[in-house]
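Student: Sharing a structure below in structure tokens format, with a few things to ask.
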Amino acid sequence: MRYIEPHGHMVSRTTDDYQAMALAGCAAICEPAFWAGFDRKTADGFYDYFCQLTQHEPKRAAKYGLPHYCWLCINPKESEDMKLADDVLALIPEFLKAKTVLGIGEIGLNKNTRNEMLILEKHVELAVKYDQLILVHTPHLEDKRKGTRLIMDVLKAAGKVKPERVIIDHVEEHTIGEVLDQGFWAGITLYPESKATPVRAVDMLENFASQRVWLNSACDWGHSDPLAVPKAMQEMRRRGHSAAAIDSLVYGNPVGFLSQSPNFKDPQALR
Ligand SMILES: [Zn+2]
């Protein structure tokens, strides 16, 4: 069966992972900009990272027949350094001209600090100015509900943000309802330990059936699984969900959201 990986940090993965994903039915990969596991010290470091995301990683993915797209931003962890964050924000408009950029992300909050909030607002302004989709990272564990509410308030306060053009990722049982109620898309991230397991994700889907949900693995340099989406598909099959329902969740939904960017091409149409 086919699926889209709408949130995978492929710069951290090996070519074996690309191969396994292609074999498992992956049809396209989207890679948000994120924290590298250490704080970058200069905007030049981000310049190189954005070149990697827009120029080099698509070539690596293409060797496995996979279209590769990306999102750009400075992540909340590093945006604590306001000067660095402003310098990185100034780099982004030039990179938005690349044909594989889908929008601004993953932006959001980490520790819900004042500086993080200010840089989040600037990212949202940038997205509005350049008519870009937005991908939001929500904080971990105990800060998640508060952070998710703060982020939704910033998005609404910005005025011109259409909620159907925003995906709020890493939702869990206690945040998915509010996110969907307010008209945003919700991303369920499948992690082996933290975030949601495939079993928890399918429980959530059964409680919150929605056309505005996607599944992703967020596979990165930490303990994560690039095949998490096909494993959730397997769990859905085990519970008796139809092939059409699974396809519409893991393929139709991400294609529906991402096609709001003129740069995203339905992989089916590319064949
Ligand atoms: Zn991520």
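Student: Cβ neighbours within 10 Å, averaged per peptide: list 103-110, 81-88, 156-163 in order, most packed at the top.
Tutor: 103-110, 81-88, 156-163
Student: Right, another one. Considering only the other residues whose Cβ falls under 15 Å of the Cβ of residue 84, what net charge follows from Lys and Arg at +1 and Asp and Glu at -1?
Tutor: -4
Student: Would you mind calculating the gained length between residue 158 and residue 178 on full extension (0.36 nm times residue separation, minus the Cα-Cα distance), in nm to one decimal?
Tutor: 5.3 nm
Student: For region 116-131, what does the Karplus curve 6.51 cos²θ - 1.76 cosθ + 1.60, with θ = phi - 60°, yield as ³J(HN,Hα) per residue in whole Hz, taken in order and with x for Gly and Pro?
Tutor: Here the 3J(HN,Hα) series is 4, 5, 4, 6, 4, 4, 5, 4, 5, 4, 4, 4, 5, 4, 9, 6 Hz.
Student: What size of dipole, in debye to the nearest 20, comes out for region 194-271 about its Cα centre when the only charges are +1 on Lys and Arg C-beta atoms and -1 on Asp and Glu C-beta atoms?
Tutor: Using Cβ point charges on Lys, Arg, Asp and Glu, region 194-271 gives about 80 debye.
Student: Mind giving me the nanometre distance, one decimal, between the label points for residue 259 and residue 200, set 7 Å out from Cα along Cα→Cβ?
Tutor: That separation, rounded to one decimal, is 3.2 nm.
Student: Send over the Kirkwood Rh of region 1-110, from the inverse of the averaged 1/r over different Cα pairs, rounded to one decimal Å.
Tutor: Here the Kirkwood hydrodynamic radius works out to 14.3 Å.
Student: How long are the three semi-axes of the equivalent ellipsoid for the chain, computed from the Cα gyration tensor as the root of 5 times each eigenvalue, in whole Å, largest first?
Tutor: Equivalent ellipsoid semi-axes, largest first: 26, 22, 17 Å.
Student: Here is a follow-up. Which order do 39, 266, 17 take when ranked by solvent-accessible area (1.4 Å probe, heavy atoms of all protein chains), largest first?
Tutor: Result of the area sort, largest leading: 39, 266, 17.
Student: Would you kindly calculate the mean projected area, averaged across all directions, of the convex hull enclosing the Cα atoms of region 99-223, in square nanometres?
Tutor: It is 7.9 nm².
Student: What's the ranking of 242-249, 229-236 by average number of surrounding C-beta atoms within 10 Å, highest first?
Tutor: 229-236, 242-249
Student: Next up: Run the helix sum for the chain: -39,500 (n - 2.57) per DSSP H stretch of 4+ residues, divided by residue count, reported at 222 nm to the nearest 500 deg cm²/dmol.
Tutor: -11500 deg cm²/dmol
Student: I need the phi-derived Karplus couplings for region 200-213: 6.51 cos²θ - 1.76 cosθ + 1.60, θ = phi - 60°, integer Hz, Gly and Pro marked x.
Tutor: Rounded to whole hertz, the list is 5, 4, 5, 4, 4, 4, 6, 8, 10, 4, 8, 7, 10, 10.
Student: Could you compute how much accessible surface residue 38 exposes when probed at 1.4 Å, giving the result in Å² to the nearest 10?
Tutor: The value for residue 38 is about 120 Å².
Student: Post the alpha-carbon centroid distance, region 159-224 to region 30-52, in whole angstrom.
Tutor: Centre-to-centre (Cα) distance: 24 Å.
Student: To continue, here is another question. Using a 1.4 Å probe, what is the accessible area per residue for the chain, in Å²?
Tutor: Per-residue accessible area for the chain comes out at 42 Å².
Student: Oh, and also: Scan around residue 133 for amide H atoms under 5 Å from its own, H built in the peptide plane at 1.01 Å from N, and keep only partners 5 or more places away or cross-chain.
Tutor: Residues meeting the amide H criterion: 104.
The values are calculated or read from the model by the stated rules, or taken from the named source; none is laboratory data. Everything numeric here is computed off the predicted structure, so don't read it as measured data. A quick note on method: Cβ atoms are made from the backbone with ideal geometry, for glycine too, and the neighbour counts reach across all protein chains shown. Each accessible area value is taken on the protein alone, full model and side chains, heavy atoms only, with ligands, DNA and RNA left out. Shrake-Rupley method; radii C 1.70, N 1.55, O 1.52, S 1.80 Å.
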